[in-house]
Amino acid sequence: MEIVEAAGINVALVAGRCAGVDFARLLEADLRIAGDGATFSAGGGADPVACAVRLTRLLGEAAAKELLLADRTADAANALRLGLVTRVVPGSALGETARDVAERLRALPPLALSAVRDAVRAARALTPGDALALEHEHFRRLIATQDHKAAVAAFFARREPAFTGQ
């Protein structure tokens, strides 16, 4: 497994077997892309308690128990169905997909990407009302940025915006 950072977003790329410590690292990635031949298992050296907490937050209780208690290995298709990975591509296209994802992420406004990542992660532990308040706080902050002004100007000029992170 390889983790690539693009615009502050961590993208996990899994070509083959993802088990143990790599499985634990996978759970913390923002996006998880698997080749069609990838397999996933929590067994093999990962801290099962740490995996239990993260896996339950990611997949829900029933799927987490199935993977952890039954020491089940999921193939790429089942990992996608469970929500363990966000996309499955042909193994031969994994590198190209990673480049495409990184390019698309780098074209987006970095402050907004960071805000979305923070809001999604915070939503795990917040009440719906508090999560919406955080989302509104991010919106109020972002609307005053140079990147927002650049996006609005680019929209009206019918061109692609150039974001600076300011």
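Between the amide H of V88 and those of A34, distances stay under 5 Å, these residues lying 5 or more places away or on another chain, with hydrogens modeled in the peptide plane. Heavy-atom accessible area, probed at 1.4 angstrom with all protein chains present, ranks D75, D30, D147 as D75, D30, D147, highest first.
Shape of region 78-121 from the C-alpha gyration tensor: oblate (a/c of 1.5 or more and a/b not above b/c, with a ≥ b ≥ c the square roots of its eigenvalues). Under 14 Å from a point 7 Å along the Cα-to-Cβ line of D100: which residues of region 1-42 have their amide N that close? The answer is 33-36. Computed from these coordinates, which is Cα extents along the principal axes in Å: (1) 54, 41, 22; (2) 50, 36, 32; (3) 62, 29, 28? The listed entry that was calculated here is (1).
As a length-normalised measure over Cα pairs under 8 Å and 6 or more apart, the relative contact order of the chain settles at 20 percent.
Could you give the size of the charge dipole of region 79-166 about its Cα centre, using +1 on the Cβ of each K and R and -1 on the Cβ of each D and E, expressed in debye and rounded to the nearest 20? Numbers along the way, then the final one.
Values: 13 positive and 9 negative charges, 19 e Å.
I would put it at about 100 debye.
Multiplying the residue separation of D118 and N10 by 0.36 nm and removing their Cα-Cα distance gives an extension gain of 37.6 nm.
By how many nm would the segment from Q146 to A162 grow when fully extended, if each residue of separation counts as 0.36 nm and the alpha-carbon distance is taken off? Write down the numbers at each step before the final one.
Numbers: separation 16, 0.36 × 16 = 5.76 nm, distance 1.02 nm.
Full-extension gain reported as 4.7 nm.
The values are calculated or read from the model by the stated rules, or taken from the named source; none is laboratory data. Computed from a prediction, not measured in an experiment: that's the story for all the values here. Reconstructed Cβ throughout: ideal geometry from the backbone, glycine too, with neighbour counts over all protein chains shown. Accessible surface areas use protein heavy atoms only, side chains included; no ligands, DNA or RNA. Shrake-Rupley method; radii C 1.70, N 1.55, O 1.52, S 1.80 Å.
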